[in-house]
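Novice: First the structure, then my questions, so here it is.
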Amino acid sequence: MIGFAKEKIKIDPKYFSNDDATILSSYNQQFSTIICCNLFFYLTDYQDAITRWKELLAEKGKIILIEENPFIFPKSKSVPKMNKKLSEVIRPKSISQIKEIFFKEGLNIIQEEKVKIDKCHQLCGLVFEK
């Protein structure tokens, strides 16, 4: 998928990688915006990831976090073993817990949006500023 995206936007200087989100060794420049979409719950060490993202953010840079909330584990008869593995990796947090984690890392929330997905959950967008 990353290769396809790179091919499609050859003329535009965008950056893509499949680096570990806690390391991001492909980058040494600073960014005005970092987008994290449906990733935060899968991070094995979100503290390290946030620390690295802060290093990559320019002054007054933004982190846009988009997550479904509450997280709902996939339900399918074909993936019972996958659900067990997922439950070992995924560490869902509430929106208030996420805001607290980022605040403790020195990032202030400047915007929050919620869009209803269905009667059970919503998509939450959080914008944090360095």
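Novice: What are the residues whose amide H is under 5 Å from the amide H of Phe31, where those residues sit 5 or more places off or on another chain and H is modelled from the backbone?
Specialist: Leu57, Ala58
Novice: Put a dot 7 Å past each Cα toward the Cβ at Tyr42 and Cys120; how far apart are the dots in nm?
Specialist: 1.9 nm
Novice: Can you pull the semi-axes for region 20-129, root of five times each eigenvalue of the Cα gyration tensor, sorted largest first, whole Å?
Specialist: 26, 18, 11
Novice: Between Ser32 and Glu112, what length in nm is gained on full extension when 0.36 nm per residue of separation is reduced by their alpha carbon distance?
Specialist: My answer for the length gained is 27.0 nm.
Novice: What FRET efficiency would be calculated for the residue pair Glu59, Val89, taking the C-beta separation as r and a Förster radius of 25 Å, to the nearest 0.05?
Specialist: It comes to 0.15.
Novice: Taking the simple approach of a point 7 Å from Cα along Cα-to-Cβ for both Phe103 and Ser25, what is their distance in nm?
Specialist: Inter-label distance under the simple model: 3.6 nm.
Novice: Set the bar at 18 Å for Cα to Cα. Now go through Lys93/Lys130; Lys60/Lys116; Lys93/Lys114; Lys62/Lys93; Lys54/Lys130 and name every pair that lies beyond it.
Specialist: Details: Lys93/Lys130 21 Å; Lys60/Lys116 30 Å; Lys93/Lys114 16 Å; Lys62/Lys93 21 Å; Lys54/Lys130 7 Å.
In this structure, Lys93/Lys130; Lys60/Lys116; Lys62/Lys93 lie more than 18 Å apart at Cα.
Novice: Another question about this same structure. Along region 32-43, what does the Karplus equation 6.51 cos²θ - 1.76 cosθ + 1.60 (θ = phi - 60°) give for ³J(HN,Hα), rounded to whole Hz, x for Gly and Pro?
Specialist: 7, 9, 10, 10, 10, 10, 6, 10, 3, 5, 8, 5
Quick note: the coordinates plus some simple rules give every number you see, no bench work behind them. Since we're looking at a predicted model, the values are computed, not measured. Neighbour counts run over all protein chains shown; Cβ positions are idealised from the backbone, glycine included.
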